Amino acid sequence: MHTLAAANPDHVVLAGDVLDWANTKTGQVRALVLTVAALMAIIAVLMAWWKTRSFVGTLVAFVLAALVLWGISNLSVLQTKVGSEINEASPASIVHVTGGAPALTGEGWRV
């Protein structure tokens, strides 16, 4: 393990060490989350089989678990697809109401 700058005042700690550590920890947390999600998916499929004793119910649980695991493991792909669709959407239109529209004071409007 590396020692910090407090141990040696002439030693300079660069931000690269911190960024490498953060990237490593992020990867480890991502792997842990995916492992826990896979374990939960397996337990959910086994519980579906235990409760229903039905092939169809178990198959539905398996497909749902597979979709959830796919979504978790491909979160960055989903994020870029949604982000690109939002950025490509047309800007919000401004609607101007003129003339005979009733005022929203409660008169003539019943809910």
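Based on the Cβ-Cβ distance from Leu78 to Arg53, what FRET efficiency comes out when R0 is 25 Å, to the nearest 0.05? So, using R0 = 25 Å, E works out to roughly 0.15. Structural descriptor for the stretch 15-74: relative contact order 33 percent, calculated from alpha carbon pairs under 8 angstrom and at least 6 residues apart.
Computed from label points 7 Å out along Cα-Cβ, the spacing between Val18 and Val63 is 4.9 nm.
Here, each number is a calculation from the coordinates, and none is a lab measurement. Everything numeric in this text was worked out from a predicted model, so none of it was measured. Ideal geometry is used to build each Cβ from the backbone, glycine not excepted, and the neighbour counts take in all protein chains shown.
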